[in-house]
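I have placed the structure first, in the form of structure tokens, so that the comments after it can refer back to it.
The values are calculated or read from the model by the stated rules, or taken from the named source; none is laboratory data. Keep in mind the model is a prediction, meaning the values are calculated, not measured. Cβ: placed from backbone, ideal geometry, glycine included. Neighbour counts: every protein chain shown.
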Amino acid sequence: MPENSVPSGSVVSCHLERPLDDDAWRRFDAMRRRFDVIALIRPPDASYGEDEELWLERARTLDLPGLHTHWTSPTHARPTGGADPAERVRREAEWMRERGVEPRWFCGGGWYSDDAVRATVAELGLVDCTPRCGPAAPGVLPTTHSLGQLARALMRRLPPYVHAYFHDYDLLDASRRIALIASLRVLGMRTSALDASSAIKKSHGTR
Ligand SMILES: [Zn+2]
């Protein structure tokens, strides 16, 4: 990629909110075999009794693992005061790395971020998918389109950069799943896949 060009193309990510749910995992597993999907996975929360072994068994199979931090609970993404949000991001990334799962992307739960979180994400070498608009840049791949927004956008001329996302639990609903597969097929025909790792390579100065 030339140094000054704005990266164009498409990226798809999934927020794995329920990685321990057998049905959600099975559906996600089928999707990733058909499409390149960045897997922004929520680490297990031991304080809610989530099974770390089963989580690791699944997470270790991910080709494109990323970190999706929930600060409050498995079902409450954003921080609710007290704890230091950036510290949790660091702790979760390190926990994953120590167990052989190397996250390369990050998305804050509930789209939460702050200056300290952004600095920590950059320091950890993760590509930040939390912003909701703007161009792709070294270290940042903003998430631009929900499932519904993607379906509508495909009816018009597409912007040069599209980062579509869905949740693992979206796949449990047959009509949403079918709509997503149809949209991703069309997206794949109309855009080239952006090398989601290019931002990492550039920020590390290896290319
Ligand atoms: Zn979430």
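The set of residues in the range 62-75 being more than 9 Å from the ligand (Cβ to nearest atom) and either touching a helix residue (DSSP H, G or I) at 6+ places or on another chain (Cβ under 8 Å) or touching a residue at least 12 places away in the same chain (Cβ under 8 Å) (or both) consists of L62, D63, L64, P65, G66, L67, W71, S73.
Summed over the range 64-97, the residues that are surrounded by fewer than 13 Cβ atoms within 10 Å (Cβ to Cβ) and at pLDDT below 95 give a count of 7. Those residues that are under 17 Å from E50 (Cα atoms) and of a type in the set (D, E), I need them from the range 11-30; list them, please. Within the range 11-30, E17, D21, D22, D23 meet the criteria. Across the range 57-112, the number of residues qualifying as part of a helix (DSSP H, G or I), of a type outside the set (A, V, I, L, M, F, W, C) and more than 15 Å from C14 (Cβ to Cβ) comes to 11. Of all residues in the range 46-62, exactly one satisfies the criterion of being of a type outside the set (S, T, Y) and at pLDDT below 95, namely A46.
Any residue in the range 100-111 that is hydrophobic (A, V, I, L, M, F, W, C), modelled with pLDDT of 95 or more, surrounded by fewer than 15 Cβ atoms within 10 Å (Cβ to Cβ) and within 16 Å of the ligand (Cβ to nearest atom)?
Let us first name the residues in the range 100-111 that are hydrophobic (A, V, I, L, M, F, W, C), namely 101, 105-107, 111.
Next, from what is left, pick out any that are modelled with pLDDT of 95 or more: 101, 105-107, 111.
When the remaining residues are screened for being surrounded by fewer than 15 Cβ atoms within 10 Å (Cβ to Cβ), the result is 111.
When the remaining residues are screened for being within 16 Å of the ligand (Cβ to nearest atom), the result is 111.
For the range 100-111, residues hydrophobic (A, V, I, L, M, F, W, C), modelled with pLDDT of 95 or more, surrounded by fewer than 15 Cβ atoms within 10 Å (Cβ to Cβ) and within 16 Å of the ligand (Cβ to nearest atom): present.
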